[in-house]
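To keep things clear, I will list the structure first and then write my remarks on it.
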Amino acid sequence: MTPTTASVTIGTTTSATWTVTTNPNACLGTPPVGTRCDDGTVYTGLSSDGTVPMYTTPCDAGMSWNGTACTSVQLKLTWDDGFGNSVATGFTNRFTGRANTAGLAALGTSPAPYRAALYCHDLTAHGYSDWYLPAIEALITLRGLRSLGSAYGFSSSSKYWSSTEVSSTHVNGVSDASMDPANKGDSTNSGLRCVRR
C-alpha cells in the first residue's frame with residue numbers, strides 16, 4: 001500500500017493536506033495460487049498454453065460466490081450436443097484450451113453445439129468475455145485450488161470437463177476429489193470451471 005498526500009491551492013488559499021492510501025490489485029505480479037483478485041476472479045497459476053497468469057471463476061458453473069462460500073446448484077453439462085451425437089472434432093491438444101474452445105464453438109453444425117465448450121465461450125463474468133474451457137493440462141493445474149479446500153467451490157463429488165478430445169466419444173477430464181486425469185464418455189454430465197488468461 002502506498003500513501004499519497006495532496007492539497008489544493010486556489011488563489012492564495014491552500015486546503016488542508018489529504019492523505020490517501022491506495023490498495024494495489026491483489027493479483028498484480030505473481031500472487032500465491034488461490035489469491036482472490038479485485039475483479040472477483042481467482043488466480044490459478046501459470047497457464048499451460050503460454051505460461052502466462054491464468055484465472056478462474058470463483059465457483060463452478062451454475063454457482064455464485066457470496067463472499068464466504070459458493071452457493072446455488074452446480075451446473076452439469078454434457079461435452080457433446082446433449083443428445084449423444086458426437087464425432088471426432090480434432091481438438092485434441094492437451095495445452096491450448098483457448099484454441100480448442102474457439103474451434104469447438106466455431107463448428108456450429110450437427111452434432112455441435114459442444115455444450116461445455118460453448119458455456120465457457122459464451123460466458124461473460126467479472127467484466128470479461130474471453131473465458132474458455134481449459135485443456136487437460138490447465139485443468140490439472142486447478143488441482144492446486146482444489147487442495148486449498150472447499151472455499152474454492154470445487155465439488156468433491158463431481159468430475160470436470162476439459163476441452164481436450166480423446167476420440168469421437170471420449171474426452172479428457174479430471175476425477176472428483178483427486179483431480180486426476182480421466183477419459184470420460186462425452187455424453188455424460190459433468191461439472192466445468194471456465195478459465196481466462
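Counting only DSSP beta bridges whose two residues both lie in the chain, roughly 95 percent are antiparallel. The coefficient of translational diffusion for the chain, derived via Stokes-Einstein from the alpha carbon Kirkwood radius under 4 °C and 1.567 mPa s, stands at 72 µm²/s. Calculated FRET efficiency, Ala106 to Thr5, Cβ-Cβ distance, R0 = 45 Å: about 0.25 to the nearest 0.05.
Solvent-accessible area of the chain (1.4 angstrom probe, protein heavy atoms only): carbon and sulfur portion equals 55 percent. At q = 0.10, 0.23 Å⁻¹, what is the base-10 log of I(q)/I(0) for segment 58-169 according to the Debye formula with one equal point scatterer per Cα and no solvent? Please give it to two decimals. Normalising to I(0) and taking log10 leaves -0.30, -1.38. Note on the chain: helix-only mean residue ellipticity at 222 nm, from DSSP H runs of 4+ residues weighted -39500 (n - 2.57) and normalised by residue number, equals -4000 deg cm²/dmol.
Surface listing: Phe95, Phe154, Phe83 arranged by accessible area from highest to lowest gives Phe83, Phe95, Phe154, probe 1.4 Å. Peptide packing: for 131-138, 60-67, the average count of neighbouring Cβ atoms within 10 Å per residue gives the ranking 131-138, 60-67, highest mean first. Accessible surface for segment 143-197, divided over its residues, is 37 Å² per residue with a 1.4 Å probe.
Distance between the pseudo-spin-label points of Asn25 and Ser168 (7 Å out from Cα toward the beta carbon): 4.5 nm. The Cys residues in the chain all have a partner Cys Cβ at less than 4.7 Å from their Cβ.
Close amide H partners of Ala182, meaning residues 5 or more places away or on another chain with modelled amide H under 5 Å apart, are Gly173, Val174, Ser175. Rg then Dmax, both in Å and based on the Cα atoms of segment 107-149: 13.2, 40. Note on Ser86: accessible area is roughly 30 Å² with a 1.4 Å probe, heavy atoms of protein only. Under the criterion of Cα pairs below 8 Å and six or more residues apart, the relative contact order for the chain equals 22 percent. The distance between label points at Asn189 and Val52 comes to 3.6 nm (points 7 Å beyond Cα on the Cα→Cβ vector).
The values are calculated or read from the model by the stated rules, or taken from the named source; none is laboratory data. Keep in mind it's a predicted model, so treat the numbers as computed, not measured. Cβ coordinates were reconstructed from backbone atoms using ideal geometry, including for glycine residues, and neighbour counts include every protein chain displayed. Side chains included, ligands, DNA and RNA excluded: accessible areas come from the protein's heavy atoms. Shrake-Rupley method; radii C 1.70, N 1.55, O 1.52, S 1.80 Å.
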